[in-house]
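None of the figures in this text is laboratory data; all of them are computed from the coordinates on show. All values derive from a computational prediction rather than experimental measurement. In this analysis, Cβ positions are derived from the backbone assuming ideal geometry, glycine residues included, and neighbour counts consider all displayed protein chains.
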Amino acid sequence: MTITITAFESSPDGGKGLARDTRVRWALEEVGQPYKVRGVSFKAMKEPAHLALHPFGQIPTYQEADLGLFETGAIVFHIAERHAGLLPDDANARARAITWMFAALSTVEPPILELGNARLLESDKPWLEEHMPLVKDRVRARLDQLSAHLGDADWLDGGFSAGDLMMVSVLLRLKPSGMLAEYPNLSAYVARGEARPAYKRAFEAQLAMNKPAG
Ligand code: GTB
């Protein structure tokens, strides 16, 4: 059955791979599932046809036969449950890999999003100078802890899993800030993720959709 996901018709990042469809593409590439991508404009995202797929009017969505999903975490989890390659067979190791998916989305990503929002939405606000160091401290607190856990391991818990896919995807959003470079082991971890053939295919596919003309 064909899998169809949605992505920005034209991503505001111009193909840097930071929009969340990249995470879904990467998961599908890791498990070797072919998929189609339907581009959606900002306007179409808020119209009834798309709201029927995604109540919050966002991308990505996932459709497969009569199953429709939204929320990147749920989509990647579904892919990882249905296909071999992203979750270990051992029940406890599997539970830990799922824990890392949640940790990426609910513990590490929020301060990173806060940093992005401060840069994007508060750049002209008088409080930014005071606010930014606090936001950066909150990001660093998580990175310090993650870096200490990872140490010199390749992946968070044994072999590469959906937990690493999600954590690397979350950390990639920090790249433009330069903060990742303060943590050599986390930088190397992200680079290992980016070097995976499945990530490269996912990245190239989203780039092909978003390449600036000319
Ligand atoms: N919790 C949801 C999930 O994980 O799936 C969040 C989905 C979400 O934030 N979707 C964004 C969206 O549809 C795109 S990915 N935004 C449009 C809207 O809300 O109207 C977030 C994103 C957007 C742009 C960049 N960028 O340009 O760098 C990076 C990430």
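Summing -39500 (n - 2.57) over the DSSP H runs of n ≥ 4 in the chain and dividing by its residue number, what mean residue ellipticity at 222 nm do you reach, to the nearest 500 deg cm²/dmol? If you can, show how the numbers build up before the last one.
Values: 10 runs with 115 residues, N = 214.
Estimated from H runs of four or more residues: -16500 deg cm²/dmol.
Would you mind checking the pairs Lys16/Lys125; Lys16/Lys36; Lys46/Lys136; Lys136/Lys175; Lys36/Lys175; Lys125/Lys175 and listing those with alpha carbons more than 22 angstrom apart?
Working: Lys16/Lys125 27 Å; Lys16/Lys36 20 Å; Lys46/Lys136 32 Å; Lys136/Lys175 13 Å; Lys36/Lys175 28 Å; Lys125/Lys175 24 Å.
Exceeds cut-off: Lys16/Lys125; Lys46/Lys136; Lys36/Lys175; Lys125/Lys175.
Give the percent of DSSP beta bridges with both residues in the chain that are antiparallel, rounded to the nearest 5. Present the calculation step by step, with values, prior to reporting the outcome.
Values: 7 of 13 bridges.
Antiparallel bridges: around 55 percent, rounded to the nearest 5.
Test of understanding: in a Gaussian network model of the chain with alpha carbons linked when under 10 Å, which of Phe56, Phe77, Phe102 would top the mean-square fluctuation ranking?
Taking springs between Cα atoms under 10 Å, the residue moving most is Phe56.
Please work out how much length the chain gains when fully extended from Ala74 to Thr4, using 0.36 nm per residue of separation minus the C-alpha to C-alpha distance, in nm with one decimal.
Values: separation 70, 0.36 × 70 = 25.20 nm, distance 1.52 nm.
Gain in length upon complete extension: 23.7 nm.
What is the set of long-range amide H partners of Thr61 at a cut-off below 5 Å, with H atoms built 1.01 Å from backbone N?
Excluding prolines and chain starts, which carry no amide H, the hits are Thr6.
Quick one: putting +1 on the C-beta of Lys and Arg, -1 on the C-beta of Asp and Glu, what dipole do you get for the chain around its Cα centre, in Debye to the nearest 20?
About 460 debye.
Mind ranking 16-26, 129-139 by how tightly packed they are, going by the mean number of other C-beta atoms within 10 angstrom, highest first? Working shown, then result.
Values: 16-26: 23.0, 129-139: 13.2.
Packing order, densest peptide first, comes out as 16-26, 129-139.
Specify whether the C-alpha gyration tensor of the range 31-73 places it in the rounded, prolate or oblate class, a ≥ b ≥ c being the square roots of the eigenvalues: rounded for a/c under 1.5, otherwise prolate if a/b is larger than b/c and oblate if not.
Working: a/c = 2.00, a/b = 1.70, b/c = 1.18.
Here the range 31-73 falls in the prolate category.
Would you work out if the range 90-214 is rounded, prolate or oblate? Take a ≥ b ≥ c from the square roots of the eigenvalues of the alpha-carbon gyration tensor; rounded if a/c is under 1.5, else prolate when a/b is larger than b/c, oblate otherwise. Mind dumping the intermediate values first?
Details: a/c = 2.07, a/b = 1.25, b/c = 1.65.
Oblate, because a/c is 1.5 or more while a/b does not exceed b/c.
Contact order normalised by length for the range 61-152, with contacts defined as Cα pairs under 8 Å and 6 or more residues apart; what percent is it? Could you put the intermediate results ahead of the total?
Working: 40 pairs, mean separation 16.3, N = 92.
About 18 percent, as a whole number.
Would any residue of the range 163-179 have its amide N under 16 Å from a label point 7 Å out along Cα→Cβ of Thr107? List them or say none.
Of the residues in the range 163-179, 163-168, 170-171 have backbone N under 16 Å from the label point off Thr107.
Short version: ³J(HN,Hα) in whole Hz for each residue of the range 90-97, in order, from phi by Karplus 6.51 cos²θ - 1.76 cosθ + 1.60 (θ = phi - 60°), x for Gly and Pro, what are they?
These are the phi-based 3J(HN,Hα) values: 4, 4, 6, 5, 4, 4, 5, 4 Hz.
According to the square roots a ≥ b ≥ c of the eigenvalues of the Cα gyration tensor, what is the shape class of the range 1-119, taking rounded for a/c under 1.5, prolate for a/b larger than b/c otherwise, and oblate for the remainder?
Values: a/c = 1.89, a/b = 1.21, b/c = 1.56.
Since a/c reaches 1.5 but b/c is at least a/b, the shape of the range 1-119 is classed as oblate.
Using only alpha carbon pairs under 8 Å that are at least six residues apart, calculate the relative contact order of the range 14-71 and give it in whole percent.
Relative contact order here is 24 percent.
For the chain, compute the orientation-averaged projected area of the C-alpha convex hull (one quarter of its surface), in nm².
On the way: hull surface 52.5 nm².
Here the figure is 13.1 nm², rounded to one decimal.
For the range 64-119, give the magnitude of the charge dipole about the Cα centre (Cβ charges: +1 Lys/Arg, -1 Asp/Glu; no others), in debye to the nearest 20.
The calculated dipole for the range 64-119 is roughly 200 debye.
Within 10 Å, count the other beta carbons around each residue, average over each peptide in 189-195, 161-167, and list them highest first. The partial results should precede the final answer.
On the way: 189-195: 16.1, 161-167: 26.7.
Final packing ranking: 161-167, 189-195.
Over what distance in Å are the Cα centres of the range 159-187 and the range 20-85 separated?
Each part's Cα centre sits 22 Å from the other's.
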